Amino acid sequence: MYLSELRLWNFRKYGLEKPLDLSSPNLVVPFNKGLNVLIGENDSGKTAIIDAIKLVLKTHAYEWIKVENEDFYHNNNRLRIEIEFKGLKDNEAKNFIEWLGWTKEKENDIPVLRLIYDVSKDKDGRILPTDIKAGMDDIGYPLNAEARDYLKCTYLKALRDANADLTSKKNSRLSQILQEHKLFKKGKNNEEHIFVEKFKKINEEIENWFKDENKIDDLSKSNKEEIKDKIDEFLKKFIDNKYESIFSLGKAEIKNILEKISLGIENEKNLGLGTMNRLYMSAELLHLKKENWDGLRLCMIEELEAHLHPQAQMKIINALKEKEGEETIQYILTTHSPNIASKVPLKSLLICKHNQVFPMGEGKTKLDSKDYIYLERFLDVTKSNLFFAKGVIIVEGWSEEILIPALAKKMGYDLTAKEVSIINVASTAYLHFAKIFLRQNEEEKMKIPVSIVTDLDNRPEEDGDFVALDKLEGKAKTKYENLEKLRKELDKTKIELELAEQWTLEWCLYCSANLSELFKKSLKNVHPTIFKSSFDEFIPMLKKKSSSKLDKVKIATDFAKKIEEDKNLVIDEEDKHIKYLVDAIKHACSYEN
């Protein structure tokens, strides 16, 4: 069984200023059977989703989880959480017979378990006690304790203190984990655990050591005289003569014994936070490896990347992606890490934006199977930051990536401050990346403004003039028609295609009335012998197709520096040669909060 869908009404940031409508949840989150990763910037709602699940399922950690006033959207008087489970096998479904429903999936009737947590306040604002219920109607029936026990999840909080949780102490997390394991349960005949027998013997030895009245050779007094008798002397005066102290390791009960155990790594001392964090995760996942377990195998981890360097993050993600036959574990993770986002299959990602969640699975986006295959290979860590950005500019090469931030800053747009990412796809494959932001259901609008910066490759004639767009031939004509078709397809979306109609970026800068003189200086700095007498010779040089000899990255670097350092430069935003860059910057910075 696996958690297939979460529905929220008036829970934290997910709500509306109107009465709760059961037919219209404020948030619906579909989950995959295996790995699910919630990504997005801070305050995008990832933790609210995790906490909603915890409130209904509870965890193996025996932590006190209850609804607080802050959980109600804008102090509303009612909130509701629904969780749906699918994929129940017969041995799992038997635990929930009286609460199950049925639904059609691929022409087959399959069992479904739906949990309902509907919480209200009274007229004085006090939160009313409410049971977790289950059923296919709007109200459901209370779940008994045994059924609920089968639905507990494993949860690892953000910024977890692994060292404290794995150290011996009362109610330590390690002791809780071990108590849940079948090896520490009482047998059929209620016989004592072997740990209890061994503990009693050790306890007796320690007790007797403190009571030992035999003198040690190099001491004038015995153990009892040195310690116990002195304590007892004060104790009798403080309380009564009948009182006498006893030293021991505590009660010979399995809980007490397990609280005295710590977990570490053999032959290793003074472990760092990253190693301890991974050891802690390994211990927590013990719950999910139970044999013959007929309950839920769900693990939720907040901020997996806590205390872990990028390679360690990727190593863990690889391990979590591994399938384990029929007993596949479901993971729901949250992350701010581009490293993790780049390593997780795109289909496993859920983008949290603008109080919505956008799953990246097939059928949810306009990506086709070829797009997924391409992005699995090329959506690396340098590009995956697009998932966290408030605006995106997709470019085809290094020159644009280097130049656009300097140009934007001169226009009054600090792309870093505005959280706009420039994604260099290093090719004309920009559409693969842009389609990430297009939804099959067009009512699900991703409000992230995306600019695609590209050029037509319309080479100038010998005299420097260009062929009119309606008279293009061959490859240039085909490319132009395809770009115009794409522009129409992107109409009414937040993706805009910004096209340099006259050849390349370098040519547009060379011809720009606003930037030409500055750009020529960069050309001369990088290629001092490129012009024999005047810059007019740039045109015939380009006609000979020798522009490939230009070091475009060095030119862009030098030019960007000149733009930044020129205090008198004002960008003419109507300059026709650079307007496509200006429009791309403006659009990417036009995001809605």
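Can you say whether Ile177 is at pLDDT below 90 and either surrounded by 15 or more Cβ atoms within 10 Å (Cβ to Cβ) or outside the structural domain of Tyr280 (by TED's automatic domain parsing) (or both), as far as the supplied structure shows?
It is true that Ile177 is at pLDDT below 90 and either surrounded by 15 or more Cβ atoms within 10 Å (Cβ to Cβ) or outside the structural domain of Tyr280 (by TED's automatic domain parsing) (or both).
Would you confirm, using the coordinates I've provided, whether Pro129 is surrounded by 10 or more Cβ atoms within 10 Å (Cβ to Cβ) and more than 19 Å from Met1 (Cβ to Cβ)?
Here the answer is no, as Pro129 does not meet what is asked.
In region 135-142, is there at least one residue being small (Gly, Ala, Ser) and surrounded by fewer than 17 Cβ atoms within 10 Å (Cβ to Cβ)?
no
Report yes if Leu367 is of a type in the set (A, V, I, L, M, F, W, C) and out of contact with any strand residue (DSSP E or B) (no Cβ under 6 Å at 6 or more places or on another chain), otherwise no.
Judged against the criteria, Leu367 is a match.
Confirm whether Tyr117 is more than 31 Å from the chain's Cα centre (by Cα) and touching a residue at least 40 places away in the same chain (Cβ under 8 Å).
When the stated conditions are applied, Tyr117 does not pass them.
For Tyr591, only one of the following conditions fails: (1) hydroxyl-bearing (Ser, Thr, Tyr); (2) closer than 21 Å to Leu415 by Cα; (3) at pLDDT 90 or above. What is its number?
With respect to (1) hydroxyl-bearing (Ser, Thr, Tyr); (2) closer than 21 Å to Leu415 by Cα; (3) at pLDDT 90 or above, Tyr591 is out only on (3).
Are there helices (runs of 4 or more DSSP H) fully within region 133-218 with at least 1 residues that are of a type in the set (Phe, Trp, Tyr) and in contact with a Pro (Cβ under 8 Å, 6 or more places away or on another chain)? List them.
none
Can you name the residue in region 215-233 that is of a type outside the set (D, E, K, R) and over 59 Å from the mean Cα position of the chain (by Cα) and, of all such residues, is surrounded by the fewest Cβ atoms within 10 Å (Cβ to Cβ)?
Applying the filter and picking the extreme gives Ser220.
Of the residues Thr328, Thr334, only one is among the hydroxyl-bearing types (Ser, Thr, Tyr), crowded, with 21+ Cβ neighbours inside 10 Å and not in a helix (DSSP H, G or I); which?
Thr334
Hey, which of the strands (runs of 3 or more DSSP E) in region 35-115, taking only ones fully inside, have at least 1 residues that are farther than 30 Å from Met314 by Cβ?
Filter on region 35-115 gives 78-86, 101-105.
Count, please, the residues in region 1-26 that happen to be over 14 Å from Val119 (Cβ atoms) and buried (at least 16 other Cβ atoms within 10 Å of the Cβ).
Of the residues in region 1-26, 10 are over 14 Å from Val119 (Cβ atoms) and buried (at least 16 other Cβ atoms within 10 Å of the Cβ).
Those residues that are polar (S, T, N, Q), over 32 Å from the mean Cα position of the chain (by Cα) and surrounded by 14 or more Cβ atoms within 10 Å (Cβ to Cβ), I need them from region 246-283; list them, please.
Within region 246-283, just Asn256 meets the criteria.
Can you name every residue in region 286-317 that is out of contact with any Gly (no Cβ under 7 Å at 6 or more places or on another chain), surrounded by fewer than 19 Cβ atoms within 10 Å (Cβ to Cβ) and among the hydrophobic types (A, V, I, L, M, F, W, C)?
Residues satisfying the conditions are Leu286, Trp293, Met314.
Within region 562-581, work out how many residues are surrounded by 19 or more Cβ atoms within 10 Å (Cβ to Cβ), in a helix (DSSP H, G or I) and out of contact with any strand residue (DSSP E or B) (no Cβ under 6 Å at 6 or more places or on another chain).
Residues flagged as surrounded by 19 or more Cβ atoms within 10 Å (Cβ to Cβ), in a helix (DSSP H, G or I) and out of contact with any strand residue (DSSP E or B) (no Cβ under 6 Å at 6 or more places or on another chain) within region 562-581 amount to 2.
Looking at region 391-440, which of its residues are in a loop (DSSP other than H, G, I, E, B), over 16 Å from Leu499 (Cα atoms) and among the small types (Gly, Ala, Ser)?
Those that are in a loop (DSSP other than H, G, I, E, B), over 16 Å from Leu499 (Cα atoms) and among the small types (Gly, Ala, Ser): Gly412, Ala417, Ala426.
Criterion first (of a type in the set (A, V, I, L, M, F, W, C), crowded, with 18+ Cβ neighbours inside 10 Å, under 30 Å from Ala560 (Cα atoms) and out of contact with any Cys (no Cβ under 9 Å at 6 or more places or on another chain)) does Ala389 satisfy it?
Judged against the criteria, Ala389 is a match.
Has region 365-376 got at least one residue that is in contact (Cβ under 8 Å) with a residue 40 or more places away in the chain, among the small types (Gly, Ala, Ser) and surrounded by fewer than 21 Cβ atoms within 10 Å (Cβ to Cβ)?
Among the residues of region 365-376, not one is in contact (Cβ under 8 Å) with a residue 40 or more places away in the chain, among the small types (Gly, Ala, Ser) and surrounded by fewer than 21 Cβ atoms within 10 Å (Cβ to Cβ), which makes the answer no.
The values are calculated or read from the model by the stated rules, or taken from the named source; none is laboratory data. Bear in mind that the values here come from a model prediction, so they are computed numbers and not experimental data. So basically every Cβ, Gly included, is an ideal-geometry build from the backbone, and we count neighbours across all protein chains shown.
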